[in-house]
1. Mind checking which of Arg150, Arg175, Arg105 has the largest fluctuation in a GNM of the chain, springs on alpha carbons under 10 Å?
2. Assign one of three labels to region 130-171, namely rounded, prolate or oblate, based on the Cα gyration tensor with a ≥ b ≥ c the square roots of its eigenvalues; rounded applies when a/c is under 1.5, prolate when it is not and a/b is larger than b/c, and oblate otherwise.
3. Considering amide H positions built from the backbone, and no H for Pro or chain starts, which residues 5 or more places from Tyr135, or on another chain, come under 5 Å of its amide H?
4. I'd like the Karplus ³J(HN,Hα) series for region 174-179: coefficients 6.51, -1.76, 1.60, θ = phi - 60°, whole numbers in Hz, and an x wherever there's a Gly or Pro.
5. Please compute the net charge surrounding Leu27, taking Lys and Arg as +1 and Asp and Glu as -1 over other residues with Cβ under 13 Å from its Cβ.
6. Under unit Cβ charges (Lys, Arg +1; Asp, Glu -1), what dipole magnitude, rounded to 20 debye, does region 89-227 have relative to its Cα centre?
7. What ranking, highest mean first, results for peptides 197-210, 45-58 when packing means the other Cβ atoms within 10 Å averaged over each residue?
8. If you stretched the chain out fully between Glu180 and Gln61, how much longer would it get, using 0.36 nm times the residue separation minus the C-alpha to C-alpha distance?
Amino acid sequence: MCGYASEGAPATAEDLMVQFNAAMKKLSGEDQVVKIYTSGSFLDPLEMPIEARAKILADLQSRGIEKLVIESRPEYITSVRVEECLSMIDTEFAIGLETANDLIRQKIIKKGFTFQDFVDAAKTVHDQDGKVKAYLLLKPPFLSEGEAIRDAISSAKASGRHADLLSLNLCNIQRGTLVERLWERGEYRPPWLWSAVEVLKNVSDPIICDPVGAGARRGPHNCGECDDAIAKAIGSHDLTQDPGIFADLDCKCKAVWQKMVELEEQTFGTPLL
Ligand SMILES: [Zn+2]
């Protein structure tokens, strides 16, 4: 499902600093948080050369930025690297856990690390008073809509105690991926936005969700009429954490979604809609 393999390009420390400096020109005096989404691992020395990492951290510290958010796979989250970040700036370490279920992560997502690896990395960060964010993926391929909902809820419960913030990512269809091929053959449908709402309603730990591509054919979607309203409600929930926001949402497609979730349990993984 991941499109990064076809988007990456080799980059030197100088290339990365040019990119960083260009982005920092857009910083206003009021900005307090900087998020560096490398779509990979900020702490991987092959991906982000150590000298570039050190320069970026020093630059952010000198600007008085209060908080930094970076992403990394757990194997690069060592106590030395965590200290390098935290000694300069309050840092949130975001980890793409995707699911707490090792079978789904290893066999379907093919992520190559275990839930315990995530737990250990989270402890390394917390031991030094850093913050952890865990990304969860709603609806990897080969799961029915109902299985995907249940997996995301149970994953949120299992990982919530190891993370300060959860982020629910809704699977969308990237070019050149297996998911795209499955989708073209009618064997995969991106998650319904109703499913995302169902997950958010059933998680008590802090959880945010940015429904990228909501309403698009390749993105998470409902019937086309209610998508904007639901994406907006999800955005409000991010800020308030109040599941009551979802109480008034309705659309004629909700009953279709409910029935589909129920019937799909009988189709051995073939999507119905
Ligand atoms: Zn609808």
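Values quoted throughout were computed directly from the atomic coordinates according to the rules given, and no laboratory measurement underlies them. These numbers were taken from a predicted model, which means no experiment stands behind them. Heads up, the Cβs are rebuilt from the backbone with ideal geometry, glycines too, and the neighbour counts pull from every protein chain shown.
1. Maximum fluctuation in the GNM of the chain, among the listed residues, is at Arg175.
2. Values: a/c = 3.75, a/b = 2.05, b/c = 1.83.
Since a/c reaches 1.5 and a/b is larger than b/c, the shape of region 130-171 is classed as prolate.
3. So Tyr135 has HN proximity to Ile95, Gly96, Leu97, Glu98, Ser167.
4. Along region 174-179, the couplings run 8, 5, x, 10, 4, 4 Hz.
5. Numbers: positive: Lys25, Lys26, Lys35, Arg63; negative: Glu30, Asp31, Asp59, Glu66.
Counting the neighbours of Leu27, the net charge comes to 0.
6. Dipole of region 89-227, to the nearest 20 debye: 460 debye.
7. Packing order, densest peptide first, comes out as 197-210, 45-58.
8. The Glu180-Gln61 span can extend by a further 38.7 nm.
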